[in-house]
Each structure stands twice: as structure tokens, then as C-alpha cells.
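Report on one structure; see the data block that follows.
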Amino acid sequence: MAACANKIAALVEKAKANDKDSQEQLVDIFYQDIFRMVYYRINSRMDAEDLTQEIFMQMFKSLPGLKEPARFRSWLFMIALNRVRDFYRKKSVMAFFDKTKQPEDADLPDTEDSDNPVSYVMRKEFWKQFHAFTDTLPKGEREVFTLRFVDHLGIREIAETLKKNDSTVKTHLYRALKKFRQTPELHSLLEGEAL
Amino acid sequence: MKSNNFHIDEDQLIIAVVDQDDLPVAVQSHLSECPECLEKKRQLEQELETLGHMAREFAPLPRAKAGHIMSRIRAAVQGKNKGFRSWHPVFATCFVVLFLIVGMWMTSPPIKDSSEQITARLINEMEEDQYFILEIKALEENALPEIYPYISGESYNCYDDEFINYVVPMEETLNNSV
């Protein structure tokens, strides 16, 4: 883990010096993580692809200003979260002017196993339960919970990403977990999968 | 807290999952010794891990590979750094708009003045007319330049009508005096 962090820090240093290989390696390492992170929040593959590209463009633009390469991951997630927020802001403005409902492609079969009906139903059910649970959480708790258990960030990284202190993050996480324990639908889904 | 008599409660279990170091030392030591509590903690952690695993599994993969994204980003960055060339359409638009504004301004009828401005202009014109008429009258009196009366000895100003009438009396004057 530490070796991986050191490797990333070294790549970041080189990428800052405009080393093309290092820049490509950084994109390689984080591309899918960032894409998924965006997808979990906006539930649209097409929009997630566009946003991911914008996030990496922003990353290259802001990279010279990154003072601590060791914090690259949380810094990148911070950029991504800001982009997602911008996306929702724009979306709400557009929705104000355009009352016709835009179809979301959350229900569209866009994974590789889309031809498998069982997998399709399971996927649909999972996201339904997942969003049903996360939608009940306040914004802060939802973000911390998703970053910790879906994006797999550590407490410190979440604190850096959200610019909050560790104890606030832990409090949000504690409250979210308490609510998670009281959500039988998602529980049974996960238990069924774990068996 | 004896390990065989008590077990961690729900709140302690959640704290243990969030950050075990935040538990009181006694609870931490119990947790490290009690297989039942350890199993509870492991189950919750497993459940959360499954949640992350399923989210990962059920999320689609991006259609483009990282390499494609990199080339797209490079192309976009180059497109942004084209400098003046990328500003061509903007300059062209500004030029056309400016041209239209100037054209409209040149061809538009003069803006109507207010009544005060019209009055002032009329007074000015009347003064100019009056001055012009005075000049015309002066020319009627003597159309020749000043040098000519001087040469001909007519520049003397005292030669008014009374003097001339004295020198060359008019017929009516002569009849009256007779």
C-alpha cells in the first residue's frame, strides 16, 4: 500500500514536469476508479464518460499547483466531486427551463453482461436498493458513506477530499452505518450475495 | 468488561468498524479476545465489502480505453492552446457586429432635437439672417469697395442728402423758395 502510494507520488512529480509517460500511467491507474465514482453518483454512463474526461483535463491543468503529491488521490477525488456538483447544478438549471423529463439511462442495459437477463435484473435491483438507501441519508453522511465503502477511500483521504476533519468524517460515517444497519432491504440483498 | 460475560453493543460495533482505535481500551481488549464479537464485526465488514464489490461489478465499464481518453485530452488541450487561430471566429463576429452598427448609424435619419434645441437654433439662424440683411443693405448703399470712393473723392462722409440738395437743389425745393 505504502509502496503504491510512493509510486503514485513519484509519477505525480514526473507528470508535473510534463513527463508524458507518467501522465499516461496516472490516467491508466485512476481512469476506471474515477469513472465508477462518477457513475455511482450520476447514474448515467454517457454523462459519466464525459465528466471523467473533463476531470482528467482539469487534473492536468491543475497538476502544477499540487503541493503534496502524496495526497494526489484525495486531490483527484476532490476535483471529481466538484465536477459532479457542477453537473447537478447545471442539470437543475436546465430542468428549470426544460420541464420535459429527460430519460436517464440508469435502466438501460449498458454493462458487459447486459445480454444476461438475470444479471440485468440483479443489477437493476441493486441500484434501486442502493439509491433508496443513500437517498435517505443527509448529504454529508451520504458522501462519506459512499467514499468509504464504495469508492474505498480511507478516513484521512475522505477528510482531505471533503476538506473536513477526521472526527467529522467519523461522525458522519457512524450515523450512516447506523442507518445502514436499519435498512433490511439492502441488508438482505447483500446477505444473499455474500452467501 | 469481562470477555465472557459481556459483548459489545450495536454502537460499539459500528465504532469498531469506523475506527477501532476510538473504542475505550477495555472494549478494544475485549474485542481482540472475544470470538463472538470479532465475528459480528467481521460480518458487518464483510457486508460492507460486498456492497462495494457489487457496486463495482454492476457499474458499467467506460467504452473508451484510458489511452483513448489520454489522446482526447491531448487533442482538447492542443485545441485550447491554438492561440490566435482559435479566436478567429470571435474576431470575425465582432467585426461583423461593429460593421453593422456603423452602417446603421450612418444610414439612420438624424435624431430629432428637443424643442429647446430647436428654438435656440432658430434664434441663431434669425440672428445670422439679420446680419446678412444688414450686409446687403450696406452693399445697396455703396456696392463699390472702399478704395473707389477714396480715389473718386467720395469718401468724405459729410456729403449727405442735405449738402447735396444745397449744392444741387431739387426742382421742388426751388419752386418752394420762389
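The values are calculated or read from the model by the stated rules, or taken from the named source; none is laboratory data. The model shown is predicted, which means the values in this text are computed figures rather than measured ones. Virtual Cβ from ideal backbone geometry, glycine too; neighbours counted across all protein chains shown.
State all residues of the range A:50-87 that are surrounded by fewer than 18 Cβ atoms within 10 Å (Cβ to Cβ) and of a type in the set (S, T, N, Q); if no residue qualifies, say none. If the condition is that a residue be surrounded by fewer than 18 Cβ atoms within 10 Å (Cβ to Cβ) and of a type in the set (S, T, N, Q), then A:Gln58, A:Ser62, A:Asn82 are the ones that fit.
Looking at the range A:169-189, which of its residues are without any contact (Cβ under 8 Å) to a residue 12 or more places away in the chain and either in contact with a Gly (Cβ under 7 Å, 6 or more places away or on another chain) or under 19 Å from B:Asp22 (Cβ atoms) (or both)? Walk me through it before giving the result.
Filtering the range A:169-189 down to residues without any contact (Cβ under 8 Å) to a residue 12 or more places away in the chain leaves A:171, A:174, A:178, A:181-182, A:184, A:187-188.
Result: A:Thr171, A:Tyr174, A:Lys178, A:Arg181.
Against the conditions (1) free of Cβ contacts under 8 Å to residues at least 24 places away in the same chain; (2) facing chain B (nearest Cβ under 9 Å); (3) assigned to a helix (DSSP H, G or I), A:His152 satisfies every one except (3). Is there a residue being within 24 Å of A:Lys91 (Cβ to Cβ) and at pLDDT 90 or above anywhere in the range A:20-29? No, the range A:20-29 contains no residue that is within 24 Å of A:Lys91 (Cβ to Cβ) and at pLDDT 90 or above. A:Tyr31 falls short on exactly one of the conditions (1) surrounded by 20 or more Cβ atoms within 10 Å (Cβ to Cβ); (2) touching a residue at least 40 places away in the same chain (Cβ under 8 Å); (3) over 18 Å from A:Ile158 (Cα atoms), and that condition is (2).
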